[in-house]
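One structure below.
The values are calculated or read from the model by the stated rules, or taken from the named source; none is laboratory data. Note that the coordinates shown come from a computational prediction; the quantities given were computed from them, not determined experimentally. Here Cβ is always computed from backbone atoms with ideal geometry, including for glycine, and neighbour counts include all displayed protein chains. To get the accessible areas, we keep the full protein, side chains included, count just its heavy atoms, and leave off ligands, DNA and RNA. Shrake-Rupley method; radii C 1.70, N 1.55, O 1.52, S 1.80 Å.
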Amino acid sequence: MSFTRRQVLAGLAGLGVVGVGAAAGARYWLGKPLFADTHDYELIAAPLDVELVPGHLTPAWGYGGQAPGLELRSRQGDWLRVRFINHLPEPSTIHWHGIRVPLEMDGVPYVSQLPVLPGEYFDYRFRTEDAGTFWYHPHTTSAEQLGRGLVGPLIVEEAGGSAFLHERTLSLKSWHVDEQGAFTDFSVPREAAREGTRGRLTTLNGARLPVLELPAGQVVRLRVLNLDNTVTYRLNLPEADVRIYALDANPIAPRPLGKEYWLGPGMRIDLALRVPEAGRELSLRNGPLRLATVRSVPSGLAAGDWPAPLPRNPIAEPDLESAETLSFNFEWAGALSSTAEGSAFKFWQINGQAWDINDKTCADRPIASLRKGRSYIFELRNMAQYQHPIHLHGMSFKVLGSNRRKIVPYFTDTFLLGKNETARVALVADNPGVWMFHCHVIDHMETGLMAAIEVV
Ligand SMILES: [Cu+2]
């Protein structure tokens, strides 16, 4: 594959007027298409000191002057256009998690584009076909870049407008920092070979144990995103009247949240919360641990009602009758973990193959080749005792069933494959390209648990 660098000296000269604080400007710098609405951003990635531990600064990296990054918004059917400007000390890219984009917009280095070097920019532009809660992050040196804060929410509003009067975006991330706010190792080999390296400091929207003030009596949409490298949050809201409206951006028939929902790295959940009477407090938790306090404040508004279910996204329905079944085994490869000089640790493998993040040619050897337009069933088998949030780029898939739990079929881009679980998912191979298929525990991905699937 050959690429053209988009570095333009004239463009770089123009950067002098764009400060980090002014990153969120919406201007039509690419020329406005005739018949489409656009949502335009200049998004600068740059070092940014943040106060995660009171009285101490952490040398984070942020998008648009914040970490987690600036919330980007588009509308279903419109174009999203982001000029990504790299002011980091190293190369980077942006991948749009869950968005079905053409390959050249997918942000995978050496597969969809060259890395964007320090001082360069890259114009991402694509139509956002699906509504829902998505996110964005680099696909380069991921443990460190995501670990330092390069993660951000991307919200695509429903084409017909939202059924909700109120909403909040809640981004979860834990940070690899010590008591002085200094970064600790983003990846420790002995942890990478197990559940992945955890950060010690849990935050919601970059703050520890924040208080969310919500209008009493109203139904509020809570878009909860797991932007963490490692942690699966066991999400619960005790004593709350709360329903699930969408999983990973895809609407479901609303149902109660229940005891808890396991939100793996990269996954999102859209909840509808009926806020209790003014003065009451609720606790949003990870298992028994508080993530945030929800405080009900007087709203002066008439009591809200549950909105209708969200409209489904235009994802092709797989034809199970004609579908071919492919098996993918996710295995621990500890015996293969000794590494040659210069190659990465290989603790994990898919169908006997470990991805090497230092080998730029891995994507030239896809693990499966799908025919465009045909339906496929993937049988996902977890041979290990650690869970893997399995993510596919380029296409969404439908979860059909599991040998470990009852599943109401739903569309998603990330499925949390539990320990020793076998699940069946299906898709229509309708997006030509070479697509990453990987675990979203970043440590697992960077030590083997990634593959390429081509659609031709
Ligand atoms: Cu994994």
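The table below gives the values:
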| quantity | calculated |
| --- | --- |
| Any hit, the range 317-328, residues being within 30 Å of P409 (Cα to Cα), open to solvent by less than 50 Å² (accessible area, probe 1.4 Å), more than 16 Å from the ligand (Cβ to nearest atom) and in contact with an Asp or Glu (Cβ under 9 Å, 6 or more places away or on another chain) | yes |
| Where P210 falls short, out of the listed (1) surrounded by fewer than 22 Cβ atoms within 10 Å (Cβ to Cβ); (2) modelled with pLDDT under 95 | (2) |
| Per-region count, the range 142-177, residues outside any loop (DSSP other than H, G, I, E, B) and either open to solvent by 30 Å² or more (accessible area, probe 1.4 Å) or among the aromatic types (F, W, Y) (or both) | 6 |
| Condition met for E260 (modelled with pLDDT under 95 and among the acidic types (D, E)) | no |
| Residue match in the range 436-443 (condition: open to solvent by 10 Å² or more (accessible area, probe 1.4 Å), within 16 Å of the ligand (Cβ to nearest atom) and closer than 19 Å to N329 by Cα) | no |
| Only one of P238, P251 that is over 28 Å from R198 (Cα atoms) and either open to solvent by 10 Å² or more (accessible area, probe 1.4 Å) or touching a helix residue (DSSP H, G or I) at 6+ places or on another chain (Cβ under 6 Å) (or both) | P251 |
| Residue that is farthest from A323 (Cα to Cα), among those in the range 368-383 that are within 16 Å of the ligand (Cβ to nearest atom) and open to solvent by 10 Å² or more (accessible area, probe 1.4 Å) | M383 |
| Only listed residue being in the same structural domain as L43 (by TED's automatic domain parsing) and assigned to a strand (DSSP E or B), chosen from R100, R81 | R81 |
| Near pairs, Cβ below 7 angstrom, 6+ apart or cross-chain, from the range 370-387 (over 11 Å from P432 (Cα atoms)) to any residue that is more than 16 Å from the ligand (Cβ to nearest atom) and polar (S, T, N, Q) | S375/S322; I377/T325; E379/T325; E379/S327; R381/S327 |
| Looking only at the range 444-456, and only at residues there that are of a type outside the set (A, V, I, L, M) and more than 10 Å from the ligand (Cβ to nearest atom), the one that is nearest to the chain's Cα centre (by Cα) | E446 |
| Of the criteria (1) part of a loop (DSSP other than H, G, I, E, B); (2) touching a Ser or Thr at 6+ places or on another chain (Cβ under 8 Å), which one E191 fails | (1) |
| Qualifying positions in the range 352-362 - open to solvent by 60 Å² or more (accessible area, probe 1.4 Å) and part of a loop (DSSP other than H, G, I, E, B) | I357, N358, K360 |
| Selection from the range 402-429 of residues that are within 16 Å of the ligand (Cβ to nearest atom) and at pLDDT below 95 | K419, N420 |
| Condition check for V399: more than 16 Å from the ligand (Cβ to nearest atom), of a type in the set (A, V, I, L, M, F, W, C), in a loop (DSSP other than H, G, I, E, B) and farther than 20 Å from Y110 by Cβ | no |
| Selection count where residues are among the polar types (S, T, N, Q) and not in a loop (DSSP other than H, G, I, E, B), scope the range 194-209 | 2 |
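Per-residue answers, yes or no, for (1) assigned to a loop (DSSP other than H, G, I, E, B); (2) open to solvent by 10 Å² or more (accessible area, probe 1.4 Å); (3) at positive phi; (4) not charged (D, E, K, R):
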residue: L88; (1), (2), (3), (4): yes, no, no, yes
residue: D123; (1), (2), (3), (4): no, yes, no, no
residue: W135; (1), (2), (3), (4): no, no, no, yes
residue: T140; (1), (2), (3), (4): yes, yes, no, yes
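Residue-by-condition table, conditions (1) over 20 Å from P389 (Cα atoms); (2) touching a residue at least 24 places away in the same chain (Cβ under 8 Å); (3) among the β-branched types (V, I, T):
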{"site": "D106", "(1), (2), (3)": "no, yes, no"}
{"site": "Q113", "(1), (2), (3)": "yes, yes, no"}
{"site": "Y121", "(1), (2), (3)": "yes, yes, no"}
{"site": "E129", "(1), (2), (3)": "yes, yes, no"}
{"site": "T133", "(1), (2), (3)": "no, yes, yes"}
{"site": "A159", "(1), (2), (3)": "yes, yes, no"}
{"site": "S162", "(1), (2), (3)": "yes, yes, no"}
{"site": "L165", "(1), (2), (3)": "yes, yes, no"}
{"site": "E195", "(1), (2), (3)": "no, yes, no"}
